1. Kindly indicate whether any position in region 174-182 is in a loop (DSSP other than H, G, I, E, B) and surrounded by fewer than 17 Cβ atoms within 10 Å (Cβ to Cβ).
2. If ALA279 passes every condition in (1) touching a Gly at 6+ places or on another chain (Cβ under 9 Å); (2) at negative phi but one, which one does it miss?
3. Could you list, in sequence order, the residues of region 103-141 that are in a helix (DSSP H, G or I) and surrounded by fewer than 16 Cβ atoms within 10 Å (Cβ to Cβ)?
4. From the set of residues in region 265-290 that are of a type in the set (A, V, I, L, M, F, W, C) and surrounded by 22 or more Cβ atoms within 10 Å (Cβ to Cβ), which is farthest from PHE226 (Cα to Cα)?
5. Which of the residues spanning region 57-98 are part of a helix (DSSP H, G or I), in contact (Cβ under 8 Å) with a residue 40 or more places away in the chain and among the aromatic types (Phe, Trp, Tyr)?
6. Among the residues of region 227-236, is there at least one that is without any contact (Cβ under 8 Å) to a residue 40 or more places away in the chain, part of a helix (DSSP H, G or I) and crowded, with 16+ Cβ neighbours inside 10 Å?
7. Looking at the structure I just gave you, is TRP136 touching a Lys or Arg at 6+ places or on another chain (Cβ under 9 Å) and either under 30 Å from MET34 (Cβ atoms) or outside the structural domain of ASP52 (by TED's automatic domain parsing) (or both)?
8. Among the residues of region 253-289, count how many are in a strand (DSSP E or B) and either within 17 Å of ARG319 (Cβ to Cβ) or of a type outside the set (Gly, Ala, Ser) (or both).
Amino acid sequence: MSMNQQRTSGTSSAEIGDASPALSLDDAKGLVPMLRALASSGLVIGLYDASDTLRYANDAFESLFLRGLAFPVKFADILRHEHAHGFGVKVDSGDVERFIADVLQRRRSVPERGFEVDTADGRWLWMTEITLDDGWFLSVGTDITQLKHHERSLRQARDAALQESLTDALTGMSNRRHMMGQIDQALIQLQNTEQPFCLALIDLDHFKHINDRLGHDCGDAVLQHFAVYSQYGLRPQDCIGRIGGEEFLVLMHGIDLLQALDVVERLRTQVPAAPLAHAGTAVSYTFSVGLAEARLDEPASTLIRRVDRALYAAKRAGRNRTQLADN
């Protein structure tokens, strides 16, 4: 079987030579003028015979997938050549033969299919594979790298916007929206698994006095200080968020009321022991807590109302204390 290289109108391509048993000579050669006319379109074009041997490739295909590999060549050998020389289709698996086997299993499985391919040099292609008469196979690729970059930028912007919508801007903690979502999920888990959880509502004592006496800059610094130091007293699986003003919610998974009380009391001891240094002044503060263990079949509104009432009782009793909610 002969295979000649031609250059037509500045474009080099592999010319179909003798007929393959899978396609007549006239039909095979009849495809070439059409493919050559598309060569300058930016498409990546390859034509395979029924034995999956590459019989035609335009310059874009050669540059991306062959780089000097001689015609005719089997599709699987193209993939091996690319992997050995570090170009072409990106192979995530260390086992190139298994990768080739997986590709071959999907290849020619349907008359026409489209899919994305990323390459070793960071480009992305949308590949369309079409099985022609008598088993010949046309592969056409379109460069979608810019589109993929745009998609990634949009995805990053979306993720950033979502994160911002769930985060308190001043403290960087979860905000009310995020905490309410966490409580809803914990209640669902409680119904399904009966895994306990507790909820604490925290209010910084005399916060208005701090703002009035030392200024709102100091008040903001106190909130940020609490956001940092509260993490030291909580467990890694606990979730804390600022829900407004000087109020915070703490969600403690997998513990009962007495265990949660130990966590909260440890936190209530640690925070005042590390006062905020602000404008040459040591600012110490305390906080009050309402604490409740979630009950089966209890909606979030009832749970929050219970910890709110407990917090009110703690403040009425003199502040700087934890009050357990009524069950």
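1. No: zero hits.
2. It fails just one condition, (2).
3. Step one: of region 103-141, the residues in a helix (DSSP H, G or I) are 103-106, 133-135.
Once the filter is applied, which keeps residues that are in a helix (DSSP H, G or I) and surrounded by fewer than 16 Cβ atoms within 10 Å (Cβ to Cβ), region 103-141 yields VAL103, LEU104, GLN105, ARG106, ASP133, ASP134.
4. Going through the qualifying residues, I end up with VAL289.
5. PHE61
6. Of the residues in region 227-236, the ones without any contact (Cβ under 8 Å) to a residue 40 or more places away in the chain are 228, 231-236.
This time we only want the ones that are part of a helix (DSSP H, G or I), so: 228, 231-233.
Still in the running and crowded, with 16+ Cβ neighbours inside 10 Å: 233.
Yes.
7. Here the answer is yes, as TRP136 does meet what is asked.
8. The number of residues fulfilling the criteria is 8.
The values are calculated or read from the model by the stated rules, or taken from the named source; none is laboratory data. All of these numbers come straight from a predicted model, not from anything done at the bench. Glycine gets a Cβ as well: all are built from the backbone with ideal geometry, and neighbour counts include every protein chain shown.
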